[in-house]
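We did not get these values from a lab; they are worked out from the coordinates using the rules stated. Here the structure is a predicted model, which is why all the values come from computation and not from measurement. Methodologically, a virtual Cβ is constructed for each residue, glycine included, from the backbone with ideal geometry; neighbour enumeration extends over all protein chains shown.
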Amino acid sequence: MPKNNDSKVLVRLEGVSKKYQSGSNEIVALSGLDLEAREGEFLSLLGPSGCGKSTALNIMGGLLKASEGIITIAGEEMTKPRRDIGMMFQQAVMFPWRTTIENVLLPIEVFGLNKKDYVAKAEELLEMVGMTEFAKSYPWQLSGGMQQRAALCRVLIHHPKLLLLDEPFGALDEFTRETMNQELLRLQSHSGSTAVLVTHNISEAVFMSDRIAVMSARPGRLIGVIDVPFERPRKPELYGRPEFTKLVVQAREMLGLA
Amino acid sequence: MTSTAADVRSRGKELRKQSKSTTQSVIVGTVTLVVFLALWEILPTLGVLNRVLIPTVSDTIWGLGQLIIGGYWWEDLASTLSSVLIAWTIGVAFGITMGVVLGTSPFVRTAITPYAIALQALPKIVLAPVLIGALGFGPESKIAIAVAICFFPVWINTMVGLSLPSAAEFTFMRSLNATRVQLFRKLQMPSAVPIVLVGMKHAMLLSFTGVLVAEILSSASNGLGKLVKEFSIQLNMPLTLAVITVVLTIAVSLVSIMDVLERKAVFWSESERGKKS
Amino acid sequence: MSTAATSGAQATLLDPQKKRRKVSPYWITAALFPAILLVWFVVTQLEVLHPILLPGPEAVLTSIPRVLGSETFGIHASRTLIETLAGFALGAAVGFLLGLLLGSSSVLRAAYLPALSALEAVPTVIIAPLIIAWFGFGIEGKAVQAAIACFYAVFITTLSGLSLANANSVSLMQSLGASKLQTLLKLRVPSALPVIFGGLQLGATTAIIGAIVSEFVGADAGLGFLLLRYRSSYDTPAAWVLILCFLVIGVSAYLLISFAEKRIVFWRSTAVSRPDLEKNDH
């Protein structure tokens, strides 16, 4: 989906901070973050470990409470996990006692909806990621990449407005990861959801995003935002283009890695 | 190789450490205790429960006082306690020896595993009547029964403990050209210590169990088990409960002592646990 | 790292000739059985041990038909089995439910765990005479004693198993806005099952012990009662036949629970009783 500056803001963070008490010390995980994600946009949070990017994501997902600041989603203040949000984690988090399709349907069960109404949707999603023949398999019979494909189907089953992705393919090898990233982009544009991706991989962030929020560590804060103007769908050839390299270098400079 | 018992039994301590008491939990705990004691006092008094069979709290406390003042049972206490400790010492020594002899080589360990499982599944207390029949009613039979029961977890846990180091650790030791004895002393033995201690703690409970069963079973012997049996046959419930209270106190104290020793001995695994949680 | 793999690697490291030696350890296992019988036979022939303690294997084997064929054996055996099963069911159910209760409330956990976990140290046999005084010589008292003996193992494994749910899985349920009950039923209980089976395994053994001890203290029937009767008539071979019966009962309970575990916890053929395999995942 092409970037559209006029589209509405879906998520807005204003002055969001997170502090932990560790013994007598106060640790500032995240300090005064102002950020927004527009509808249909792909936004990345890029930074080294300890920059609070996962903390920010968990706050958006309602898993953590911010110490200060306001988070609004679709104009409503965020207080607890919402059903129009879907989260993906570094691990696939498949329950080993459920088959692939039962895992995909888990959100439906938790929401108390009728599973029968969603079986067709689940099968369709599994087909889109080439997993049809594994619908009745158990997670431990699948490779890591296949498990993440199933997790991708699970996060999309209830058609969330917002996808929160915490390095979802970080545990996979480089090759599988690239394939999975393309798959993710395809499904995200197909569904029209907004996506927020947490990553520490600079070229991944550039390849995937419409905008990149670059963050620094100790205390975690926002350094700046990079606009990524490339057309969609993104093709692997992009990696070779000089504009691509330019943006990677720009991000490296902002992170102090140049 | 199985170490069910030890694993299961070591869980309580871990959990206790994790749960912090709050004002709320203290209130809940206190209220429960007060209600429990009140019901225990009131129901037998009102005749809802038979006071002969279930004496009130105050009856029990009175029984405990009478027992302590009476003093005629010191010999029983000494007999039970010394049998438990002697049997435990023998059982632990025997268990560790068996574990080292049979557990150092993976080949032997695999070969005897089915027998170990069968022995684990055997309720070893059934040996008690036979041992009493052969060894008489004296302390020997008590100790023999307790040893037969209590060496088992020490043996199993020693075997499991010796197999705990990872392949990488073994490879590392080999890269240093360590001898087999060095391998045992510097790698396998330290890795086994924590789990062997857990087995020793479980052995304490089993040794106590064995001695009590022997005392309950054999009519001529002395000991706290015999006291409980006699008082309960006379339907002297306050004194029965008093002796049970004494046994509970001793058992909890023995295990608490073991806990302290364990904490001192395996400081490294404690600190590691601290880091993880 | 599994111990099986460790052992293999360790074996090859320790013993360079290992690869050439193709002997499976289970040959030794099989060979040990006649060896044990032989040692048993020789020991009893030499009368190293008191014959009242240990009769020869031939005496025990020839007594099997006599003991198992006696009119009352069935009554005694079924009595003990009923006591054990009823006690195990009761103790395991109470242990499981209490584990669930304390597992879902941190207040209750902090309030009750210190007292309950003291049970870890308690030799439950000490209350056997009390239970007999309360319930008499019938089945009920034996079942209660068996229940008390096995309660703790199931309780503590349930409670600790509930906290074993993978942190990411908890986050997933949380991000879906799952209720506490949903998280308990759909995530925590299944995650706890392998550990709970370890508790059931131990609980089965302790339930049998509880029932036997209770029969020792006072009973009018049951295998423990029968064992005492054989002992007092100095019929030691018959007593050893009963000990073998208890071995069969214990091993059957072990195998039954292992089988149930493989069926129910099919996704993980590992449990607390199998630390060798368990380490695979961690």
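Could you compute the FRET efficiency for B:L81 and C:V23, with r as their C-beta to C-beta distance and R0 at 51 Å, rounded to 0.05? With R0 = 51 Å, the Cβ-Cβ based efficiency is 0.60. Report the local net charge at A:I59: Lys and Arg +1, Asp and Glu -1, summed over other residues whose C-beta lies under 10 Å from its C-beta. Here the count lands on +2. Across the stretch B:238-263, the residues whose backbone nitrogen lies under 20 Å from the label position 7 Å along the beta-carbon direction of B:R51 are B:238-242. Looking at the protein assembly as shown, the DSSP beta bridges with both ends there are about 55 percent antiparallel.
Here, the stretch C:17-144 is characterised by an Rg to Rh ratio of 1.17, where Rg is the alpha-carbon radius of gyration and Rh the Kirkwood radius.
Highest mean first, the peptides C:43-51, C:203-211, B:153-161 sorted by other C-beta atoms within 10 Å per residue fall in the order C:203-211, B:153-161, C:43-51. Here the Karplus relation 6.51 cos²θ - 1.76 cosθ + 1.60, evaluated at θ = phi - 60°, turns the backbone of the stretch A:242-247 into coupling constants of x, 4, 4, 4, 4, 5 Hz, with x for every Gly and Pro. Note on A:V16, C:V23, A:V104: ascending count of other Cβ atoms within 10 Å places them as C:V23, A:V16, A:V104, the fewest first. Pairs of C-alpha atoms in the protein assembly as shown farther apart than 46 Å represent 38 percent of all such pairs.
Once both labels are positioned 7 Å from their Cα atoms along Cα-to-Cβ, the gap between C:R263 and B:V101 label points is 4.1 nm.
Pair-distance distribution of the stretch A:142-239: all C-alpha pairs, bin width 5 Å, starting at 0; shares per bin in whole percent are 2, 11, 23, 24, 20, 13, 6, 1. Mean per-residue shielding of peptide C:247-257 is 4, counting Cβ atoms of other chains within 10 Å of each Cβ. Distance between the pseudo-spin-label points of C:S70 and B:T89 (7 Å out from Cα toward the beta carbon): 4.1 nm. Dividing the Cα radius of gyration of chain A by its Kirkwood radius returns 0.97 for Rg/Rh.
Here the simple spin-label model places points 7 Å from the Cα toward Cβ, and for B:T179 and A:S67 these points are separated by 5.8 nm.
Remark: C:D235, A:D173, B:D76, A:D34 ranked as A:D173, A:D34, C:D235, B:D76, counting other beta-carbon atoms within 10 Å and listing the fewest first.
What the Cα convex hull of chain C gives, in volume per residue, is 187 Å³. A Stokes-Einstein calculation at 25 °C with viscosity 0.890 mPa s, built on the Kirkwood radius of chain B over Cα pairs, returns a diffusion coefficient of 114 µm²/s. Take each residue of peptide C:26-34, count the partner chain Cβ atoms within 10 Å of its Cβ, and average: the result is 3.
Maximal additional length on extending the A:W140-A:Y20 stretch stands at 39.6 nm, based on 0.36 nm per residue less the C-alpha distance. For the stretch B:84-231, taking the reciprocal of the average inverse distance between every pair of different Cα atoms yields a Kirkwood hydrodynamic radius of 16.5 Å. Residues A:E237, A:E127 in ascending order of nearby Cβ atoms (within 10 Å, fewest first): A:E237, A:E127. With both residues required to sit in chain A, DSSP beta bridges show an antiparallel share near 55%.
Would you mind counting up the charge near C:Q174? Only other residues with Cβ under 11 Å from its Cβ, with Lys and Arg at +1 and Asp and Glu at -1. Here the charged neighbours net out to +2. The mean number of partner chain beta-carbon atoms within 10 angstrom of a residue's beta-carbon across peptide B:196-209 is 2.
Quick one: net charge of B:N222's neighbours, Cβ under 12 Å, K/R +1, D/E -1? Here the charged neighbours net out to -1. Applying the Karplus relation 6.51 cos²θ - 1.76 cosθ + 1.60 with θ = phi - 60° to the stretch A:149-155 yields 3J(HN,Hα) values of 4, 5, 4, 5, 4, 5, 6 Hz, where x marks Gly and Pro. Highest mean packing first, where packing is the average number of other Cβ atoms within 10 Å per residue, the peptides B:184-197, B:33-46 line up as B:184-197, B:33-46. Here is the size of the stretch C:118-271 from its Cα atoms: Rg then Dmax, 19.9, 69 Å.
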